[in-house]
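A.B. asks: Please see the structure below; I have some questions.
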């Protein structure tokens with residue numbers, strides 16, 4: 001293994017998502033964790049942080065025929081139901097974007113995509129289970145850090161909608 005491969009990733013002191021929440025007066029906390037480049041999954045994040053997976057929401061970006069880019073936040077153990085997502089967006093079909101498009105569309109990389117602070121204000125949808133918790137965890141906009149916030153604050157800030165989104 002080269003020295004470069006052994007180098008540990010350091011998240012930035014403040015991410016764009018964190019700055020935007022602060023500017024809007026949205027209270028939040030953060031938690032940091034070690035990044036494993038070979039496993040960027042949300043289930044791995046839950047495992048290394050000890051966070052409850054059902055409170056840890058992954059951000060998925062999709063493309064609909066009518067509205068274009070859509071953002072879905074669902075609990076880590078769940079899978080997005082594309083038919084439900086399409087119906088919610090008023091589209092016949094919705095498809096997840098290819099990972100190669102993620103950074104150009106959102107400004108974020110895989111494993112660090114936050115619904116907060118994307119390049120454009122895309123429609124955001126949270127799975128309805130988000131309201132079951134006092135606090136939820138979303139990416140802070142970089143690998144190695146999660147934002148902890150009240151779901152109602154995130155929904156209000158993002159102008160998000162909630163619905164049944166999973167299989």
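No value in this document is a laboratory result; all are computed from the given coordinates. These figures come from a predicted structure and were not determined experimentally. For neighbour counting, all protein chains shown are included, and Cβ atoms are generated from backbone atoms with ideal geometry for every residue, glycine included.
A.B. asks: Is the shape of the stretch 9-163 rounded, prolate or oblate, going by the alpha carbon gyration tensor and its root eigenvalues a ≥ b ≥ c, with a/c under 1.5 for rounded and a/b larger than b/c for prolate?
C.D. replies: Verdict is rounded for the stretch 9-163.
A.B. asks: For each of 109, 118, count neighbouring Cβ atoms within 10 Å of the residue's Cβ, then give the residues from fewest to most.
C.D. replies: 109, 118
A.B. asks: Also, quick follow-up: In nanometres, what is the gap between the two model label sites at residue 34 and residue 131, each 7 Å from Cα along Cα-to-Cβ?
C.D. replies: 4.0 nm
A.B. asks: Going by how many other beta carbons lie within 10 Å of each one, how would you line up 129, 15, fewest first?
C.D. replies: 129, 15
A.B. asks: What length, rounded to one decimal in nm, is gained on full extension from residue 83 through to residue 120, with 0.36 nm per residue of separation minus their alpha-carbon distance?
C.D. replies: Between residue 83 and residue 120, full extension yields 10.9 nm more.
A.B. asks: Rounded, prolate or oblate: pick one for the stretch 16-103, where a ≥ b ≥ c are the square roots of the eigenvalues of its C-alpha gyration tensor, a/c under 1.5 means rounded, and failing that, prolate if a/b is larger than b/c, else oblate.
C.D. replies: Verdict is prolate for the stretch 16-103.
A.B. asks: For the stretch 9-163, give the share of DSSP beta bridges that are antiparallel, in percent and rounded to the nearest 5; count only bridges with both residues there.
C.D. replies: 75 percent
A.B. asks: For the stretch 81-160, just say rounded, prolate or oblate: build the C-alpha gyration tensor, square-root its eigenvalues into a ≥ b ≥ c, call rounded for a/c under 1.5, and beyond that prolate if a/b exceeds b/c, oblate if not.
C.D. replies: Cα axes put the stretch 81-160 in the oblate bin.
A.B. asks: With a point put 7 Å past each Cα toward its Cβ, work out how far residue 110 is from residue 48 in nm, to one decimal.
C.D. replies: If labels sit at residue 110 and residue 48, their model points lie 1.6 nm apart.
A.B. asks: Just grab the label-to-label distance for residue 41 and residue 24, each label 7 Å out from Cα along the Cβ direction, in nm (one decimal).
C.D. replies: My value for the distance between the label points is 3.1 nm.
A.B. asks: Counting alpha carbon pairs within less than 8 Å and at least 6 residues apart, what relative contact order, in whole percent, applies to the chain?
C.D. replies: Once normalised by length, the contact order is 28 percent.
A.B. asks: So for 44, 98, fewest C-beta neighbours within 10 Å to most, what's the order?
C.D. replies: With the fewest neighbours first, 44, 98 line up as 98, 44.
A.B. asks: Over the stretch 76-167, what is the mean sequence separation of C-alpha contacts under 8 Å (at least six apart), divided by residue count, expressed as relative contact order in percent?
C.D. replies: Once divided by the residue count of the stretch 76-167, the mean separation gives 32 percent.
A.B. asks: Here is a further query. Can you compute the FRET efficiency between residue 13 and residue 100 using 1/(1 + (r/R0)^6), with r the Cβ-Cβ distance and R0 = 35 Å? Round to the nearest 0.05.
C.D. replies: With a Förster radius of 35 Å, E is 0.75.
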